Amino acid sequence: LLIEEQRTNLLVNSGTLSSVSWLGGTRTANQLVAPDGTQTASVITGNASVAANYFQRTTATATTLTFSCYVKTGLVSSRTSFVFLMRNSTTGTNFQAGTFSTTTGAISGGGWTSTSVGNGWFRISYTSTQSQVISVGDTITCYFGAVGGPLYQPTDAIGLWGAQLEAGAFPTSYIPPRDSIVTGK
């Protein structure tokens, strides 16, 4: 029995990531079996001509937020790492970027954690700290697997599923996807 506080997932369409903006890359939905056993996880790839950015923006509901998502290792890719980031776009503040290893599932970057959930899937998470000021109403951007500069190739593939941004100092269990903001326990 798992008892958790009630939380709201501020990111929409978190299972298929269909509301994520894809600049310089492609999202192919329903390509992988997700950690929940459904065929709903997406594969993202680059296009080699534009710096890849995959992101979703939302409005902060608290001053401490936790960003998390599930990342799949073991896909054929010429890259051995992908970068994840949470940013306060209102203040132009990037929080600590996390560099995820596609070979080991480890993530480097202060404040980031990676936990194996089986079958090559890892849940990565990052919590903003009190020194990294977020005000209620700020625009928060979550970047998935690519931040800015690198030209990701069409062969650079990563599996993603279950993105979540929630008010609080730790990630709760996955809140199932909807096309609008959802509250779960």
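The values are calculated or read from the model by the stated rules, or taken from the named source; none is laboratory data. Quick caveat: nothing in here was measured; it's all calculated off a predicted structure. Using ideal geometry, Cβ is built from the backbone for each residue, glycine included, and neighbour counts are taken over all protein chains shown. Side chains are part of the model used for accessible areas, which takes the heavy atoms of the whole protein and leaves out ligands, DNA and RNA. Shrake-Rupley method; radii C 1.70, N 1.55, O 1.52, S 1.80 Å.
Checking each residue in segment 155-176 for being at pLDDT below 85 and farther than 30 Å from Ser78 by Cα picks out only Pro176.
Only one of the listed residues (Arg87, Arg79) is open to solvent by 40 Å² or more (accessible area, probe 1.4 Å), at pLDDT 90 or above and closer than 17 Å to Phe144 by Cα. That residue is Arg87. Here is the figure for segment 4-41: residues that are closer than 21 Å to Ala167 by Cβ and either over 14 Å from the mean Cα position of the chain (by Cα) or of a type in the set (Val, Ile, Thr) (or both) total 7. Of all the numbered requirements in (1) in contact (Cβ under 8 Å) with a residue 40 or more places away in the chain; (2) in a strand (DSSP E or B); (3) within 25 Å of Leu151 (Cβ to Cβ); (4) open to solvent by 40 Å² or more (accessible area, probe 1.4 Å), Gly74 misses one, and that requirement is (2). Within the bounds of segment 7-15, is there any residue that is among the hydroxyl-bearing types (Ser, Thr, Tyr), out of contact with any strand residue (DSSP E or B) (no Cβ under 6 Å at 6 or more places or on another chain) and in contact (Cβ under 8 Å) with a residue 60 or more places away in the chain? The answer is no, given that none of the residues of segment 7-15 is among the hydroxyl-bearing types (Ser, Thr, Tyr), out of contact with any strand residue (DSSP E or B) (no Cβ under 6 Å at 6 or more places or on another chain) and in contact (Cβ under 8 Å) with a residue 60 or more places away in the chain. Here segment 111-129 is the region considered, the condition is being out of contact with any Ser or Thr (no Cβ under 7 Å at 6 or more places or on another chain) and open to solvent by 50 Å² or more (accessible area, probe 1.4 Å), and the residue that is nearest to Thr61 (Cα to Cα) is Thr129.
Checking Gln39, Gln56 one by one, the residue that is surrounded by fewer than 16 Cβ atoms within 10 Å (Cβ to Cβ) and modelled with pLDDT of 85 or more is Gln39 and no other. Scanning segment 42-53 for residues that are open to solvent by less than 60 Å² (accessible area, probe 1.4 Å) and touching a strand residue (DSSP E or B) at 6+ places or on another chain (Cβ under 7 Å), we see that the one that is nearest to Ala163 (Cα to Cα) is Ser42.
Residues in segment 139-173 that are charged (D, E, K, R) and either surrounded by fewer than 16 Cβ atoms within 10 Å (Cβ to Cβ) or farther than 16 Å from Thr63 by Cα (or both): Asp156 alone.
In the set (1) open to solvent by 70 Å² or more (accessible area, probe 1.4 Å); (2) hydrophobic (A, V, I, L, M, F, W, C); (3) outside any loop (DSSP other than H, G, I, E, B), the condition left unmet by Trp22 is number (1). Among the conditions (1) on the phi < 0 side of the Ramachandran plot; (2) in a strand (DSSP E or B); (3) surrounded by 14 or more Cβ atoms within 10 Å (Cβ to Cβ), the only one that Asn30 does not satisfy is (1).
When segment 112-127 is filtered for residues that are touching a Gly at 6+ places or on another chain (Cβ under 8 Å) and more than 23 Å from Ala157 (Cβ to Cβ), only Thr127 remains.
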